[in-house]
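Chemist: Pasting a structure below so you can have a look.
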Amino acid sequence: AQSVAQPEDQVNVAEGNPLTVKCTYSVSGNPYLFWYVQYPNRGLQFLLKYITGDNLVKGSYGFEAEFNKSQTSFHLKKPSALVSDSALYFCAVRGAHTGANNLFFGTGTRLTVIP
Amino acid sequence: ETGVTQTPRHLVMGMTNKKSLKCEQHLGHNAMYWYKQSAKKPLELMFVYSLEERVENNSVPSRFSPECPNSSHLFLHLHTLQPEDSALYLCASSQEGGGSGELFFGEGSRLTVL
């Protein structure tokens, strides 16, 4: 069965410090992995994805994520956090060659960047 | 700026009302979705229209009725809702049948049922 776990409901980080938002997954076969961000009273915005190739993928707003197959993880990272990065972050997974109705979202991690 | 537009952004309705949510995508995608987002719960996929087929979550009550007249427009018809149906309803689209099919979301329709 497919699933996504975001073990932290809340992550606090000081402005300028590196940030990590954790995600682990379970899927049959090769995964397609995604990160989305949601600002207050807005829809979800696509940040980045891993499909194949280089394990380190770069996305919007300076974010990057590292695919680790052995640990079944896809943690979101940024070298230097900004106050404007404060938002709700969602990890999602689907099996390669499955339909988007098989896309599973995590429960979200609220990131707060402290000035 | 989003390629998926949802209207209305906010809706308050009584339990006996009938209303509809509208979604339009300008991205040329061939799949559209309705998601429900409730506080402290995972995103819930309600309905998918993909490549002219409809897939639905069997746990969605019949008081929610989707309609997809073409690949660019999607509606969610609401009738005799319950207060627990109050949530943010998100529309999304994607290109299926090749590629990774990431979703592009609208800004959502915040529904309050009194």
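Chemist: Going by Cα centres, segment B:3-18 and segment B:62-89 are how many Å apart?
Modeler: 9 Å
Chemist: Right, next: Once the piece of chain linking A:Ser84 and A:Asn30 is laid out straight, how much longer is it, given 0.36 nm per residue of separation minus the C-alpha distance between them?
Modeler: Values: separation 54, 0.36 × 54 = 19.44 nm, distance 3.35 nm.
So the extension gain works out to 16.1 nm.
Chemist: Compute, for chain A, the length of the dipole vector about the Cα centre, with Cβ point charges of +1 (Lys, Arg) and -1 (Asp, Glu) only. Units Debye, rounded to 20.
Modeler: For chain A, the charge dipole is close to 200 debye.
Chemist: With springs only between Cα atoms under 10 Å, which of A:Ala14, A:Ala92, A:Ala100 fluctuates most in a Gaussian network model of chain A?
Modeler: Residue with maximal mean-square fluctuation among A:Ala14, A:Ala92, A:Ala100: A:Ala100.
Chemist: Could you tell me which of A:Ala100, A:Ser73, B:Ser59 has its Cα farthest along the dipole of the protein assembly as shown towards the positive end, charges placed at Cβ (Lys, Arg +1; Asp, Glu -1), taken about the Cα centre?
Modeler: Projecting each Cα onto the dipole axis, the largest value belongs to B:Ser59.
Chemist: Related question: Rounded, prolate or oblate: which fits chain B, taking a ≥ b ≥ c as square roots of the Cα gyration tensor eigenvalues, rounded meaning a/c under 1.5, else prolate when a/b beats b/c?
Modeler: Prolate, because a/c is 1.5 or more and a/b exceeds b/c.
Chemist: Take the alpha carbon atoms of segment A:71-95, find their center, do the same for segment A:36-55, and report the distance between the two centers in whole angstrom.
Modeler: Spelled out, the Cα-based centre of one part sits 8 Å from the other.
Chemist: Could you work out which residue, out of B:Cys91, B:Cys68, B:Cys23, moves most in a Gaussian network model of chain B, that is, has the largest mean-square fluctuation with Cα springs under 10 Å?
Modeler: Answer for the Gaussian network model of chain B: B:Cys68.
Chemist: Taking each residue of B:53-60 in turn, how many C-beta atoms of other protein chains fall within 10 Å of its C-beta, and what is the average?
Modeler: Mean number of neighbouring Cβ atoms from other chains: 1.
Chemist: Another question, then. For the protein assembly as shown, place one equal point scatterer on every Cα, skip the solvent, and apply the Debye formula. What is log10 of I(q)/I(0) at q = 0.10, 0.15, 0.17 Å⁻¹?
Modeler: Each listed q maps to, in turn, -0.46, -1.01, -1.25.
Chemist: Also, I was wondering about something else. Just how large is the dipole of the protein assembly as shown about the Cα centre, in debye to the nearest 20, putting +1 at every Lys and Arg Cβ and -1 at every Asp and Glu Cβ?
Modeler: 360 debye
Chemist: Another question, then. Name every cysteine in chain B that ends up alone, with no second cysteine's Cβ under 4.7 Å, or say none.
Modeler: Lone cysteines by the Cβ rule: B:Cys68.
Chemist: Just B:Ser38, B:Ser59, B:Ser72 to compare: in a GNM of chain B, with alpha carbon springs under 10 Å, which one fluctuates most?
Modeler: Result for chain B, Cα springs under 10 Å: B:Ser59 fluctuates most.
Chemist: Oh, and also: Report, as an integer, the average count of C-beta atoms from other chains found within 10 Å of each Cβ along B:30-39.
Modeler: Averaged over the peptide's residues, the number is 2.
Chemist: Over chain B, what is the percentage of antiparallel beta bridges among all DSSP beta bridges, to the nearest 5?
Modeler: 90 percent
Chemist: On to the next question. Other chains' Cβ within 10 Å of A:96-105 residues: what's the mean?
Modeler: 6
Chemist: Could you give the size of the charge dipole of chain B about its Cα centre, using +1 on the Cβ of each K and R and -1 on the Cβ of each D and E, expressed in debye and rounded to the nearest 20?
Modeler: In total the dipole reaches around 520 debye.
Chemist: If you don't mind, another one. Please state the shape class of segment A:1-108: rounded when a/c is under 1.5, otherwise prolate if a/b exceeds b/c and oblate if not, all from the C-alpha gyration tensor. List each step's numbers first, then the result.
Modeler: Working: a/c = 1.84, a/b = 1.53, b/c = 1.20.
Since a/c reaches 1.5 and a/b is larger than b/c, the shape of segment A:1-108 is classed as prolate.
None of the figures in this text is laboratory data; all of them are computed from the coordinates on show. Keep in mind the model is a prediction, meaning the values are calculated, not measured. All Cβ positions, glycine included, derive from the backbone under ideal geometry; neighbour counts span all protein chains shown.
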